[in-house]
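Taking it in order: structure first as structure tokens, then the write-up.
The values are calculated or read from the model by the stated rules, or taken from the named source; none is laboratory data. This structure is a prediction, so every number in the text was calculated from the model and none was measured. Ideal geometry is used to build each Cβ from the backbone, glycine not excepted, and the neighbour counts take in all protein chains shown. Heavy atoms of the whole protein, side chains included, go into the accessibility calculation; ligands, DNA and RNA do not. Shrake-Rupley method; radii C 1.70, N 1.55, O 1.52, S 1.80 Å.
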Amino acid sequence: KLASTSATDFSSAADWGAAVGGEAALASLFADPTRPLTLDIGCGYGCGPLIYARSARGEGENVLGCDLSAGGISFARGLATRWDVDHRCAFVRDDARAVLRRVREAYPGCVHRIILSCPTPYASVHDADDDEEATHGSGNSQLPASPRAASFLGNEEVIEDMAACLAPGGALY
């Protein structure tokens, strides 16, 4: 469920929580929206962002996790509240490229770290007996057909969007 395509493909799946829209919505996710932002793309159940937000290193930052999994985002939001980091650790259910675009255009602070969590693998594999790529039944129809497919989270466009979001000197993991 970490697929990334155009925002219109998943517009009905977008969930920014209590946020309404635009810059105000993004800023409303955090108590201090001018803090540096760490963005976790494909965060799943939010383990990475939550642990980082609770660490001494993450105390001066905001952390935003995004994923297409409604269950994962719901779980992460609940744990952020329970751990009392929800004022600086937020989770949104939306397409990776839509989140990157919104952050790039509307986050008032700098984006100094982006983490691409476990990019969705693709279903195609190289057949040793053939020089062409052959798709073998993986059992998961949600997997993208190739690394160039728009639904592959680690595709070139997503990487370019991440690079465009980062402040000078920022890091992509």
For ILE115, all conditions in the list (1) within 17 Å of the chain's Cα centre (by Cα); (2) in a loop (DSSP other than H, G, I, E, B); (3) at pLDDT 90 or above hold save one; what is the number of the exception?
-> (2)
Residues of segment 66-89 being outside any helix (DSSP H, G or I), open to solvent by less than 10 Å² (accessible area, probe 1.4 Å) and at pLDDT 95 or above, in sequence order, are VAL85, CYS89
So which residues in segment 1-44 are at pLDDT 90 or above and surrounded by fewer than 18 Cβ atoms within 10 Å (Cβ to Cβ)?
-> ALA31, ASP32, THR34, PRO36
Within segment 45-57, tally of residues that are in contact with a helix residue (DSSP H, G or I) (Cβ under 9 Å, 6 or more places away or on another chain) and surrounded by fewer than 20 Cβ atoms within 10 Å (Cβ to Cβ) = 2
